[in-house]
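Before any comments, here is the structure.
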Amino acid sequence: MKTTAKHFSIFKTECLKWIEIFGLKDWTIEFRHYEHKPGRASVWANTVNRLAAIYLSPKWNSKVTKKRLNLAAFHEVCEVLMTPLVVNAKSRFISSDEIEETTHYVIRTLENVLFPRY
């Protein structure tokens, strides 16, 4: 299924809500409506300059719903929130797979605890 400009607007609005809640005021964050990596959405971030881009993929392999858009937005903002941790962890003696597993463990926990249920 394809995402539309309206979907992108919903996604961006939800991202901005979570950016505000998490207080990510020291980041410059841009939003883009194209595929950066496989999946519904993705992030590119640079901790040195506190720059990030959050991407909404134009093609999903499932139905696009407001709940899924909101969850994707929440997830990607959590990725930005976790970026400094990930960068630091990668500079230590630990595998990339272990870091990704731990990051997604924390994000899923936040999703289950903080993300509003509809």
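The values are calculated or read from the model by the stated rules, or taken from the named source; none is laboratory data. These figures come from a predicted structure and were not determined experimentally. FYI the Cβ positions are ideal-geometry reconstructions off the backbone, even for glycines, and counts take in every protein chain you see.
For segment 61-107, which positions are surrounded by 13 or more Cβ atoms within 10 Å (Cβ to Cβ), free of Cβ contacts under 8 Å to residues at least 40 places away in the same chain and of a type outside the set (Val, Ile, Thr)?
Arg68, His75, Glu79, Met82, Leu85, Ala89, His104
Which residue is nearest to Val86 (Cα to Cα), if the candidates are limited to segment 37-60 and must be among the aromatic types (Phe, Trp, Tyr) and in contact (Cβ under 8 Å) with a residue 12 or more places away in the chain? I'd like the intermediate steps shown before the answer.
Quick first cut of segment 37-60, residues among the aromatic types (Phe, Trp, Tyr) only: 44, 55, 60.
In the following step, the residues that additionally are in contact (Cβ under 8 Å) with a residue 12 or more places away in the chain were identified as 55, 60.
Details: Tyr55: 19, Trp60: 27 Å.
Among those that are among the aromatic types (Phe, Trp, Tyr) and in contact (Cβ under 8 Å) with a residue 12 or more places away in the chain, it is Tyr55.
If I ask for residues that are more than 16 Å from Thr47 (Cα to Cα), modelled with pLDDT of 80 or more and hydrophobic (A, V, I, L, M, F, W, C), which ones from segment 83-105 would you list?
Across segment 83-105, the qualifying residue is only Ile99.
Every residue in segment 1-12 that is among the β-branched types (Val, Ile, Thr) and in a helix (DSSP H, G or I), please.
Of everything in segment 1-12, just one residue is among the β-branched types (Val, Ile, Thr) and in a helix (DSSP H, G or I), namely Ile10.
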